[in-house]
Amino acid sequence: MTQPLFTPAKAGAIEASNRIVMAPLTRNRADNDTGKVSDMHVDYYRQRAGAGIIITEATQISPEGKGYLQTPGIHTPGQAAAWRRVTDAVHEAGGKIVVQLWHVGRISHTSLQPDGQQPVAPSAINAGVKTFTANGFENTSDPRALELAEVPRIVADYANAAKLARDAGFDGVEVHGANGYLLDQFLKTGSNHRTDAYGGPVENRAKLLLEVMEAVTKVWDAGRVGLRLSPFSPANGISDDNPQDTFEYVIKELNRFDLAYLHMVEGATGGSRDLQDGQSIDKLRKLFDGPYMANNGYDREMALQAVKDGDADFIAIGRPFIANPDLVARYERDLPIAQGDQSTYYGGGREGFTDYPEYIAEAAE
Ligand SMILES: Cc1cc2nc3c(=O)[nH]c(=O)nc-3n(C[C@H](O)[C@H](O)[C@H](O)COP(=O)(O)O)c2cc1C
């Protein structure tokens with residue numbers, strides 16, 4: 001009998017040929033000045049079109065939303081045209097691809113910001129982490145708190161990026177609400193000390209995220225809009241006094257949109273799946289009415305089991321997709337999994353990006 005993991009499924013209006021999703025993976029290989037992807041990206045994503053859905057590397061919605069060297073953008077027509085070549089290639093290869101819409105907030109450096117300005121954040125609190133600039137790893141710069149009057153501009157930037165994503169031929173968009181970036185910074189108490197309508201109680205801290213979802217679902221059918229959250233992850237120096245309550249509120253509110261999927265990083269991003277007392281991913285997952293996409297540390301066995309047991313509709317796999325372009329075929333046939341070279345994860349050229357072979361090719365060498 002075919003394992004449910006390998007059977008087609010719908011994420012809202014997105015029809016996936018299987019339930020294995022390529023998780024978003026920043027690879028820092030776009031043109032740093034134009035934010036455009038290139039031929040390399042066309043090949044890289046085409047090679048991975050066997051995924052039920054590809055979620056692109058995080059892609060900034062505005063120049064201000066950028067926080068690392070050589071990440072791609074989706075705020076100019078030129079960037080959308082460059083992405084169009086990627087989406088065409090993935091579609092020709094039978095795959096589906098959504099773009100992850102990203103604003104880094106305080107996880108940035110003045111050297112990456114327009115006119116060397118300060119990064120923006122809910123509050124003027126440095127995350128105390130590193131980012132990657134032209135000078136290598138550097139401390140994040142002190143951010144400034146967004147003025148109340150600036151918030152509509154941020155929402156408009158998401159809407160503009162969502163429109164360009166349509167021009168670029170994507171199958172949908174994923175709003176990046178995870179990993180300590182702008183939307184997560186607003187949600188969580190450690191980074192949001194505002195005293196206006198966007199700070200204080202969870203209803204206020206969740207306001208920006210919900211306004212962004214509202215705006216993006218006006219541009220796209222909600223069945224083509226996903227959201228990524230990481231309730232319990234400390235990624236990028238983020239913390240919350242009571243993440244369970246915060247995210248129970250957020251997820252209940254999300255149900256009004258009828259989204260394509262909710263994508264959750266279960267535990268610490270790229271780290272432990274263990275939670276503290278009183279924290280439950282299961283409880284959060286069950287509050288969501290739509291398709292549930294699980295991520296973080298899943299191997300083949302865990303993915304098979306979670307989908308078979310009905311604990312997840314989709315499993316997003318990150319790191320293993322780097323060195324195994326044909327990951328779905330390998331899982332399906334239980335073939336060996338190659339290990340990626342971490343020194344080429346971030347930045348560089350084709351090496352460690354487009355030169356990982358498929359299993360068959362590897363065996364024939
Ligand atoms: C090289 C690398 C780049 C990543 N870039 C992103 C990103 O752009 N957006 C995002 O939401 N998560 C990003 N992540 C987190 C992954 O999507 C994923 O949550 C994490 O690797 C855990 O999943 P895994 O155990 O299947 O790898 C990145 C992780 C790695 C290792």
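Derivation of every value follows stated rules applied to the coordinates shown; laboratory data play no part. In this text the structure is predicted, and so the values were computed from the model without any measurement. Here the Cβ positions follow ideal geometry from the backbone for every residue, glycine too, while neighbour counts run over all protein chains shown.
Taking every Cα atom in region 4-364, find the radius of gyration and the maximum pairwise distance Dmax, and write them in Å.
When restricted to Cα atoms, region 4-364 yields Rg and Dmax of 19.0, 63 Å.
What distance in nm separates the simple spin-label points at Arg285 and Asp309, each placed 7 Å from Cα in the Cβ direction?
Reported label-point gap for Arg285 and Asp309 is 0.7 nm.
So if the hydrodynamic radius of region 185-321 is defined as the Kirkwood radius over C-alpha pairs, what does Stokes-Einstein give as its diffusion coefficient at 20 °C and 1.002 mPa s, in µm² per second?
137
Using alpha-carbon pairs under 8 Å, 6+ residues apart, how would you state the relative contact order of the chain in percent?
Over the chain, the number comes to 17 percent.
Apply the Karplus curve 6.51 cos²θ - 1.76 cosθ + 1.60, θ = phi - 60°, to the phi angles in region 318-335 and return the couplings in whole Hz, x for Gly and Pro.
x, 3, x, 6, 5, 9, 10, x, 9, 4, 4, 4, 5, 5, 4, 9, 6, 8
Starting from the Cα-Cα distance between Asp167 and Ala197, subtract it from 0.36 nm times their residue separation and give me the gain in nm to one decimal.
Working: separation 30, 0.36 × 30 = 10.80 nm, distance 3.37 nm.
Result: 7.4 nm gained on full extension.
Just list whichever of Lys130/Lys283; Lys96/Lys308; Lys130/Lys218; Lys163/Lys252; Lys207/Lys308; Lys207/Lys286 have alpha carbons separated by over 30 Å in the model shown.
From the list (Lys130/Lys283; Lys96/Lys308; Lys130/Lys218; Lys163/Lys252; Lys207/Lys308; Lys207/Lys286), the Cα-Cα distance tops 30 Å for Lys130/Lys283; Lys130/Lys218; Lys207/Lys308.
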